[in-house]
1. Taking only pairs six or more apart or across chains, which ones have beta-carbon atoms under 7 Å, a first residue in the range 81-92 that is within 11 Å of residue 66 (Cα to Cα), and a second residue that is in a strand (DSSP E or B) and open to solvent by 70 Å² or more (accessible area, probe 1.4 Å)?
2. Out of (1) closer than 18 Å to residue 16 by Cβ; (2) in contact with a Cys (Cβ under 9 Å, 6 or more places away or on another chain), the odd one out for residue 44 is which?
3. Restrict the check to the range 80-101 and report whether at least one residue is open to solvent by less than 80 Å² (accessible area, probe 1.4 Å), touching a Pro at 6+ places or on another chain (Cβ under 6 Å) and outside any strand (DSSP E or B).
4. Does the range 25-41 include one or more residues that are surrounded by fewer than 16 Cβ atoms within 10 Å (Cβ to Cβ), out of contact with any helix residue (DSSP H, G or I) (no Cβ under 7 Å at 6 or more places or on another chain) and of a type in the set (Ser, Thr, Tyr)?
5. When the range 29-58 is examined, which residues are found to be under 13 Å from the mean Cα position of the chain (by Cα) and touching a residue at least 40 places away in the same chain (Cβ under 8 Å)?
6. Mind listing just one residue for me: the one in the range 1-24 that is over 12 Å from the mean Cα position of the chain (by Cα) and hydroxyl-bearing (Ser, Thr, Tyr) and, of those, surrounded by the most Cβ atoms within 10 Å (Cβ to Cβ)?
7. Filtering the range 63-79 down to residues that are surrounded by 11 or more Cβ atoms within 10 Å (Cβ to Cβ) and part of a loop (DSSP other than H, G, I, E, B), which residue is farthest from the chain's Cα centre (by Cα)?
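The values are calculated or read from the model by the stated rules, or taken from the named source; none is laboratory data. Just so you know, these numbers come straight off a predicted model, no measurement behind them. A quick note on method: Cβ atoms are made from the backbone with ideal geometry, for glycine too, and the neighbour counts reach across all protein chains shown. Heavy atoms of the whole protein, side chains included, go into the accessibility calculation; ligands, DNA and RNA do not. Shrake-Rupley method; radii C 1.70, N 1.55, O 1.52, S 1.80 Å.
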Amino acid sequence: MTDFLWVYVPHPEKSKAIELAKTLTKEKLIACANIMDQITSVYEWKGEICEEGESLILMKTQKVRFEILSSRIKELHPYECPCIIGLPIETGNEEFLDWVKSQTQS
């Protein structure tokens with residue numbers, strides 16, 4: 001197991017998802033993000049079943065950056081309760097993971 005995470009965050013608007021990813025990259029909280037457009041999310045919120053189009057942001061970062069990253073996403077994200085999930089990266093290309101580490105140094 002490594003000390004790195006994928007961070008999974010759906011966002012309601014692709015252009016704003018890109019802005020969020022750029023901000024987090026500039027702030028050295030993530031090394032990079034992949035944004036997948038046109039996913040459909042189905043969930044219950046406040047007693048109603050909802051179906052929404054979203055963009056999915058997959059970010060790469062170090063585990064040690066997760067708490068501050070999560071706090072920053074909450075500040076910038078439009079949802080009352082954004083989905084922010086850190087998934088461990090079990091293994092990876094050592095050169096890539098070294099790059100992620102170098103990009104996310106505080």
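1. Pairs that qualify, where the first residue is within 11 Å of residue 66 (Cα to Cα) and the partner is in a strand (DSSP E or B) and open to solvent by 70 Å² or more (accessible area, probe 1.4 Å), are 85/8; 87/6; 87/8.
2. Failing condition for residue 44: (1).
3. yes
4. yes
5. Residues satisfying the conditions are 29, 30, 31, 32, 55, 56, 57, 58.
6. 2
7. Residue satisfying both the conditions and the ranking: 79.
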